[in-house]
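I have placed the structure first, in the form of structure tokens, so that the comments after it can refer back to it.
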Amino acid sequence: MQEKYNPFEDTILQFERVADYLKLDSWVCQRLMHPEKELIVHFPLTLDDGNVKTFTGFRVQHSTVRGPAKGGVRYSSNSSLNECKALAVWMTWKCALLDLPFGGGKGAVICDPLKMSENELKKLTKEYILAIKDIIGPYKDILAPDMFTNPQTMAWIVEAYSQGEDCLELAVTTGKPVCLWGSLGRASATGTGLFCILEETSKFLKFPLERKRVAVLGFGNVGATIAKLVHRAKCKIIAVTDISGGIYSEKGIDPIELKKQVKRTNSVVDFPGTESIDNEKLIALPIDILIPAAIEGQINKNNADNVKAKIILEGANGPTTVEADEILKGKDVLIVPDLLANAGGVTVSYLEWVQNLQRFFFSEKEILEKTEKKMKKAFWDVVKTVEEHKVTMREAAYILAVGRVAESLKALGRTI
Ligand code: NAD
């Protein structure tokens, strides 16, 4: 049996390497290596059939050195404390790289959302929030959508968190529906940001996007949005997979029609005019751009050598393991790392939080302009660091992000 991948171990390796490179003091390392807070909660729920089931949830705050923790909530049967810890760590570095006034957090509930009714998911959300209420809040830890959670989940979070409060506490989460003061542009922000970074990458590499062959692993919020945008840029989408299976067509796949099917059937499988494919075959396809947009560890030591793409654009968090990264260093492929590539979501989340706290709102044009400006600056800061330090884009992103958090920590004088 294959050993279960523990992404938190990878975050430690990534941190140790950059900490050595930056020659960080040992007390800085000790502060940043492990999360500040990890909460595990268990709560019973009466299901629609009358049975009672106990669910387990997590909320992890890796760092609040540069501001309140910030990070999504995931509903998945594979979630674990270690997964949340890793995702919280990556959020700290991502917020630092984008220079947002947040630390990193993440949460999850172990459940099978595709098998639960709307009523069950609503009750589950309420119980989870009541269980973690003490440690979250607009100035403590701000939630957001992640895998199998969405604006509706965020609305339920606001309602549950506001129980017993004097008013609706909007800023406890971002990614809300616009009618509850969610930001314009948030729903598609991660995919839009991903595309902005792809365009900058294409300029940097002098690699025009037109007619490039693309494969997308994961077709949810992030995967479907980036698929639509690369299709609009005249790339050809050769393959797409999701949790139920995958599809492949040399003629190209229309992501707009595919999304209509997913809305109806919850799956990309059996899309007309395609053959079936799995994740491993998708990763090994002769393509130009590989876009992982699902879970961690999909590109790993077992398949990294098969990658033929010229660019890996990391839409998902942690899709490439540390071992795979090492293998890919020896190949002709540019990895645009998650910390940078998928930061459009948290950037618009930051703008949503600012708008909610001020009760003052920006137009969609303003949101897009502000986000694009931040994303482009982060991209070219990373490129400059790549050139100065002769490192990969991921290493450069870590040098910038970890360096900033360490500097803030020192300025606070939090010595042990
Ligand atoms: P989502 O729930 O909307 O979509 C997830 C997609 O991945 C679905 O199509 C699902 O079927 C697919 N999937 C799940 N397991 C899979 C597997 N084993 N193989 C193939 N496909 C699989 O989630 P999302 O919001 O699009 O998030 C996707 C990734 O992007 C996650 O890593 C998340 O942490 C990251 N991310 C999301 C946001 C955001 O704003 N939503 C921001 C930054 C990063």
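The values are calculated or read from the model by the stated rules, or taken from the named source; none is laboratory data. Here the structure is a predicted model, which means the values were calculated and not measured. Positions of Cβ are generated from backbone atoms using ideal geometry, with glycine treated the same way; all protein chains shown enter the neighbour counts. With ligands, DNA and RNA removed, areas are computed over all heavy atoms of the protein, side chains included. Shrake-Rupley method; radii C 1.70, N 1.55, O 1.52, S 1.80 Å.
Restricting the search to segment 269-287, which residues are touching a helix residue (DSSP H, G or I) at 6+ places or on another chain (Cβ under 8 Å) and under 10 Å from Ala239 (Cβ atoms)? Passing the criteria: only Ile283.
Do we have any residue at all in segment 113-120 that's part of a loop (DSSP other than H, G, I, E, B), in contact (Cβ under 8 Å) with a residue 40 or more places away in the chain, in contact with a strand residue (DSSP E or B) (Cβ under 7 Å, 6 or more places away or on another chain) and over 24 Å from Ala406 (Cα atoms)? For segment 113-120, residues part of a loop (DSSP other than H, G, I, E, B), in contact (Cβ under 8 Å) with a residue 40 or more places away in the chain, in contact with a strand residue (DSSP E or B) (Cβ under 7 Å, 6 or more places away or on another chain) and over 24 Å from Ala406 (Cα atoms): absent. When Trp353 is tested against (1) surrounded by fewer than 24 Cβ atoms within 10 Å (Cβ to Cβ); (2) touching a residue at least 24 places away in the same chain (Cβ under 8 Å), just one condition goes unmet, and that condition is (1).
Among the residues of segment 68-75, are any closer than 20 Å to Ala411 by Cα, open to solvent by less than 30 Å² (accessible area, probe 1.4 Å) and free of Cβ contacts under 8 Å to residues at least 60 places away in the same chain? Taking every residue of segment 68-75 in turn, none turns out to be closer than 20 Å to Ala411 by Cα, open to solvent by less than 30 Å² (accessible area, probe 1.4 Å) and free of Cβ contacts under 8 Å to residues at least 60 places away in the same chain.
In segment 72-92, what residues are farther than 11 Å from Pro35 by Cβ and within 13 Å of the ligand (Cβ to nearest atom)? Listed by number, the residues that qualify are Gly72, Val73, Arg74, Tyr75, Ser76, Ser77, Asn78, Ser79, Glu83, Trp90.
Listed conditions (1) away from the ligand (no atom under 13 Å from the Cβ); (2) in a helix (DSSP H, G or I) are all met by Asp99, apart from (2).
Quickly run through segment 28-57 and pick out the residues that are open to solvent by 50 Å² or more (accessible area, probe 1.4 Å) and either in contact with a Ser or Thr (Cβ under 9 Å, 6 or more places away or on another chain) or charged (D, E, K, R) (or both). Answer for segment 28-57, where residues must be open to solvent by 50 Å² or more (accessible area, probe 1.4 Å) and either in contact with a Ser or Thr (Cβ under 9 Å, 6 or more places away or on another chain) or charged (D, E, K, R) (or both): Arg31, Glu36, Lys37, Glu38, Ile40, His42, Pro44, Asp48, Asp49, Val52, Lys53.
In segment 216-234, the condition of being part of a strand (DSSP E or B) and modelled with pLDDT of 95 or more is met by at least one residue. Gly273 - would you say it is near the ligand (Cβ under 9 Å from one of its atoms) and not in a helix (DSSP H, G or I)? No: the conditions fail for Gly273.
For segment 195-215, the condition holds for no residue, the condition being that it is under 23 Å from Val307 (Cβ atoms), within 9 Å of the ligand (Cβ to nearest atom), at pLDDT 95 or above and open to solvent by 10 Å² or more (accessible area, probe 1.4 Å).
Identify, by number, the condition in (1) crowded, with 21+ Cβ neighbours inside 10 Å; (2) within 9 Å of the ligand (Cβ to nearest atom) that Leu258 doesn't meet. All conditions pass for Leu258, except number (2). Taking the stated definitions as given, is Ala341 within 14 Å of the ligand (Cβ to nearest atom) and either under 22 Å from Ala144 (Cα atoms) or not β-branched (Val, Ile, Thr) (or both)? Answer is yes for this residue.
Residues that are crowded, with 19+ Cβ neighbours inside 10 Å and not aliphatic (A, V, I, L, M) were ranked within segment 152-168; the one that is farthest from the ligand (Cβ to nearest atom) is Tyr161. Based on what the data block shows, is Lys370 among the basic types (Lys, Arg) and more than 21 Å from the chain's Cα centre (by Cα)? Criteria not met by Lys370.
Pairs linking a residue in segment 38-56 that is under 15 Å from Lys122 (Cβ atoms) to a residue that is exposed (fewer than 10 other Cβ atoms within 10 Å of the Cβ) and among the β-branched types (Val, Ile, Thr), with Cβ atoms under 6 Å and 6 or more positions apart or on different chains, are Thr46/Val52. Being assigned to a helix (DSSP H, G or I) and open to solvent by less than 10 Å² (accessible area, probe 1.4 Å) is the filter; apply it to segment 123-143 and report the residue that is farthest from Gly103 (Cα to Cα). That would be Leu124. Within segment 235-249, the set of residues being part of a loop (DSSP other than H, G, I, E, B) and within 16 Å of the ligand (Cβ to nearest atom) comprises Ile243, Ser244.
Assess whether Glu326 counts as being open to solvent by 70 Å² or more (accessible area, probe 1.4 Å) and under 29 Å from Glu83 (Cα atoms). For Glu326, the condition - open to solvent by 70 Å² or more (accessible area, probe 1.4 Å) and under 29 Å from Glu83 (Cα atoms) - is met.
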